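The values are calculated or read from the model by the stated rules, or taken from the named source; none is laboratory data. Predicted, not measured: the structure shown is a model, and the values here were computed from it. In this analysis, Cβ positions are derived from the backbone assuming ideal geometry, glycine residues included, and neighbour counts consider all displayed protein chains. Protein only, heavy atoms only, side chains kept; ligands, DNA and RNA dropped before computing areas. Shrake-Rupley method; radii C 1.70, N 1.55, O 1.52, S 1.80 Å.
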Amino acid sequence: MAAKNFSVTEFILAGLIGQPGLQIPLFSLFLGFYIITLLGNLGLITLIGLNSRLHTPMYFFLFNLSLIDFFYSTTITPKMLTSFVSKKNIILHAECMTQLFFFCFFVISESFLPSAMAYDCYVAICKPLVYTVTMSPQVCLFLLLGVYVVGFSGAMVHMGSIASLTFCAGNFVSHFMCDILPLLELSRNSTYVHELVVFVHVAIDIGMPIVTIFISYALILSSIFHIHSTEGRSKAFSTCSSHIIVVSLFFGSGAFMYLKPPSILPLNQGKVSSLFYTIVVPMLNPLIYSLRNKDVKVTLRKTLERKIFF
């Protein structure tokens with residue numbers, strides 16, 4: 001972007017909280033979260049990649065979810081940790097736009113990936129006889145490509161919208177990252193159109209996956225109630241329960257942040273909501289999917305037993 005389009009060359013990130021006495025404890029807490037996120041997602045990626053037993057469509061999507069969470073967390077958390085230990089947390093304009101692009105890319109991709117996972121769950125439970133044909137490797141790759149294309153397109157739209165603004169009112173971003181709404185606050189341009197673009201895109205990015213997931217699970221529940229054996233019902237519910245928990249956390253916090261006017265939800269309060277879908281959800285995803293998944297636990301135990309034996 002040409003330099004004439006903006007006068008601000010750097011931004012100052014406010015960080016999460018302005019109380020000096022809490023900076024070091026919060027740094028330790030979120031550093032711990034980040035380490036758990038990295039170890040959990042890298043562990044799940046390694047476990048799925050190295051064990052042929054887990055080379056199925058469900059774990060193919062879970063592998064990519066862990067990959068997204070790993071990079072997603074790395075895009076946000078290190079810069080946030082800096083705000084706890086530095087007096088002035090400065091980020092260059094180009095770095096801010098880069099962080100915004102990757103944040104949008106990963107968060108939009110993560111919002112659409114559960115739709116593919118819900119469809120896989122629907123086929124596995126409702127159409128088990130044609131599961132192998134319906135969820136072929138080509139279909140899985142096509143679904144994943146669609147997720148990443150939507151993520152890239154959305155990120156380009158949001159970054160292009162923000163990069164076109166003129167920042168002359170100040171460079172103090174009231175957030176711990178370069179997010180869309182705090183940057184809109186700094187612009188001297190009329191932001192009505194930009195806010196409308198954000199609202200429409202976020203509504204699509206949240207609405208379309210939720211509708212797809214809702215339809216999938218409505219069909220799944222209908223199919224489960226027709227299963228006569230208690231064991232069969234329990235297995236079906238177990239297959240989908242982890243997915244429902246993750247989806248509820250992610251979409252709930254995202255909708256709470258972006259689908260309310262700033263007058264109803266001030267940006268300072270919005271930071272708390274942002275923590276859930278930027279820090280907490282990427283950390284919980286591998287824990288929820290591994291601790292509540294029998295195949296993952298069995299494979300992990302066998303892998304550890306092999307390592308100990310050798």
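Cβ contacts < 9 Å: first residue under 14 Å from Asn51 (Cα atoms), restricted to region 282-299; second residue modelled with pLDDT under 70, any location; separation 6+ or different chain. Result?
Going by the 9 Å Cβ cut-off, the qualifying pairs are Lys297/Leu291.
So Gly170 fits all but one of (1) on the phi > 0 side of the Ramachandran plot; (2) under 16 Å from the mean Cα position of the chain (by Cα); what number is the exception?
(2)
If I filter region 207-237 down to residues being modelled with pLDDT under 80 and open to solvent by less than 40 Å² (accessible area, probe 1.4 Å), which single residue comes out as nearest to Tyr148 (Cα to Cα)?
Among residues in region 207-237 that are modelled with pLDDT under 80 and open to solvent by less than 40 Å² (accessible area, probe 1.4 Å), the one nearest to Tyr148 (Cα to Cα) is Ala236.
What single numbered condition from (1) surrounded by fewer than 20 Cβ atoms within 10 Å (Cβ to Cβ); (2) in contact with a helix residue (DSSP H, G or I) (Cβ under 6 Å, 6 or more places away or on another chain); (3) modelled with pLDDT under 90 fails to hold for Cys121?
If we test Cys121 against (1) surrounded by fewer than 20 Cβ atoms within 10 Å (Cβ to Cβ); (2) in contact with a helix residue (DSSP H, G or I) (Cβ under 6 Å, 6 or more places away or on another chain); (3) modelled with pLDDT under 90, just (1) comes out false.
Just checking, does region 186-199 include any residue being within 26 Å of Lys88 (Cα to Cα) and small (Gly, Ala, Ser)?
Yes, region 186-199 contains a residue that is within 26 Å of Lys88 (Cα to Cα) and small (Gly, Ala, Ser).
Condition check: open to solvent by 20 Å² or more (accessible area, probe 1.4 Å) and in contact with a Leu (Cβ under 9 Å, 6 or more places away or on another chain). Does Ala163 satisfy that?
no
Does Asp179 fit the bill of being touching a residue at least 60 places away in the same chain (Cβ under 8 Å), more than 19 Å from Ile91 (Cα to Cα), surrounded by 14 or more Cβ atoms within 10 Å (Cβ to Cβ) and charged (D, E, K, R)? Reasoning before the result, please.
Working: touching a residue at least 60 places away in the same chain (Cβ under 8 Å): yes; more than 19 Å from Ile91 (Cα to Cα): no; surrounded by 14 or more Cβ atoms within 10 Å (Cβ to Cβ): yes; charged (D, E, K, R): yes.
No.
Taking the residues in region 5-49 that are among the aromatic types (Phe, Trp, Tyr) and modelled with pLDDT under 90 as candidates, determine which candidate is surrounded by the most Cβ atoms within 10 Å (Cβ to Cβ).
Per the stated criteria, the residue is Phe11.
Out of curiosity, is His55 open to solvent by 50 Å² or more (accessible area, probe 1.4 Å) and modelled with pLDDT under 90?
The answer is yes for His55.
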